[in-house]
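The values are calculated or read from the model by the stated rules, or taken from the named source; none is laboratory data. From a predicted model like this one, the values you see are computed outputs, not experimental measurements. Please note: Cβ atoms are built from the backbone with ideal geometry, for glycine as well, and neighbour counts cover all protein chains shown. The area values use the complete protein model at the heavy-atom level, side chains included, leaving out ligands, DNA and RNA. Shrake-Rupley method; radii C 1.70, N 1.55, O 1.52, S 1.80 Å.
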Amino acid sequence: MTTPDTPQDSPLGKPATYKSEYDASLLFPIARQGKRSELGLSSGTLPFFGIDIWNAYEVSWLNLRGKPQIAVVSFMIPADSPNIVESKSFKLYLNSFNQTRLAGADALLELLRADLSAATGAPVQVALTAPEDFGKLKMGELDGLLLDRLDIEVDNYSPDTALLRSAREEAPVEEVLVSHLLKSNCLVTGQPDWGSVQIRYVGPAIDQEGLLKYLIGYRNHNEFHEQCVERIFMDLLRHCQPQKLAVYARFTRRGGLDINPWRSNFTTSQRPSNLRLPRQ
């Protein structure tokens, strides 16, 4: 397993020379535990499981005769992996295949699985869609009741857990709530990250106005995608006390990559569909 480092040591926000030949050392792992400790989570048993779904739209390599090949590649990184991979380093790594000759798609997949598994410290699933199957890729929307319909006044753009309330004296409900107003900022560069979030839960009814204001509060918040989703999950779990909870966010792409973290605490929860949203 590759030794993780800190975000400040990553390629983010720094000039980078693009290597066009395969170089696995470009991947920059960052330990998950640092941010999880901020949430009061130990390195032991986590209160959730899940995956981070990455979609790469700018993957290319050369066949053995030097002809360029292209594909869309999806990666599923388990949430219990020790490390995440910093996204710019992921892009630099994928671009290192641009002038690399490979025997075929299977050879590419073998390298991707091995390198990403080594960097994250856990087995990573990789799936490739070839050009002849591009027409099978679908687009859709997250299902659920749209929070954005609410006519609210907002004056706070930092996450405020005091806004999270639930009707604990009433009978539990089962709901799926969605917002497209999630925006956070990169932990290192401060560049905006745009996303949609789906919250699936069973428990006391969550106050929807307060929840929407809380989500909008991420607008000036600096964290990586995975960290934002885990913070949302833990804040809802602690302040609204649902018996079952799943949080899924789909962020728009940057550098040909989109990142879509999912966290859940109930095993009957359906694994999220990797359905591309219109903004992605």
message: So, R0 is 41 Å and r is the distance between the beta-carbons of GLN270 and ARG101; what FRET efficiency does that work out to, to 0.05?
response: 0.50
field: Computed FRET value (nearest 0.05) for ALA122 with LEU146, which takes r as the C-beta separation and R₀ as 25 Å
entry: 0.15
query: What angle, in degrees between 0 and 90 and rounded to the nearest 10, separates the Cα long axis of helix 225-240 from the longest principal axis of the Cα atoms of the chain?
result: 20 degrees
query: To the nearest 500 deg cm²/dmol, what mean residue ellipticity at 222 nm is calculated for the chain from DSSP H runs of n ≥ 4 alone, each contributing -39,500 (n - 2.57), summed and divided by the residues?
result: -6000 deg cm²/dmol
message: For the chain, set up a GNM with springs between Cα atoms under 10 Å and report which of PRO261, PRO68, PRO123 has the largest fluctuation.
response: PRO68
message: Using only the alpha-carbon atoms, what does region 93-155 span along each of its principal axes? Please give whole angstrom values in decreasing order.
response: 56, 32, 22
query: To the nearest 10 square angstrom, what accessible area does ASP148 show with a 1.4 Å probe?
result: 40 Å²
task: Read phi for every residue in region 151-159 and hand back ³J(HN,Hα) as whole Hz from Karplus 6.51 cos²θ - 1.76 cosθ + 1.60, θ = phi - 60°, with x for Gly and Pro.
output: 8, 10, 10, 10, 9, 10, 10, 10, x
message: I'd like the accessible area for GLU209, computed on protein heavy atoms only with a 1.4 Å probe and all protein chains in place. Round to 10 Å², please.
response: 90 Å²
- line: Carbon/sulfur accessible area of region 95-228, % of total, 1.4 Å probe, equals 48 percent
query: HN-Hα J couplings of region 74-79 from phi, Karplus 6.51/-1.76/1.60, θ = phi - 60°, integer Hz, Gly and Pro as x?
result: 10, 10, 10, 9, x, 5
- prompt: Over all distinct alpha-carbon pairs, what is the Kirkwood Rh of region 29-150 in angstrom?
  reply: 16.6 Å
- request: Report, in cubic angstrom per residue, the convex hull volume of the C-alpha atoms of region 176-280.
  value: 94 Å³
Top of THR161, THR267, THR252 by mean-square fluctuation, Gaussian network on the chain, Cα under 10 Å: THR267
message: Running a GNM on the chain with Cα contacts under 10 Å, which residue among LEU46, LEU215, LEU128 ends up with the highest mean-square fluctuation?
response: LEU46
statement: Along principal axes, largest first, the alpha-carbon spread of the chain in whole Å comes out as 68, 40, 34
- request: Return the whole-Å distance between the Cα centroid of region 58-113 and the Cα centroid of region 255-280.
  value: 20 Å
query: How large, in Å, is region 133-217 by the Kirkwood hydrodynamic radius built from its alpha-carbon pairs?
result: 14.6 Å
- prompt: Helix 105-120 versus the longest principal axis of the chain: what angle, 0 to 90°, nearest 10, using Cα atoms?
  reply: 50 degrees
- prompt: In square angstrom, what is the accessible area per residue of the chain with a 1.4 angstrom probe?
  reply: 46 Å²
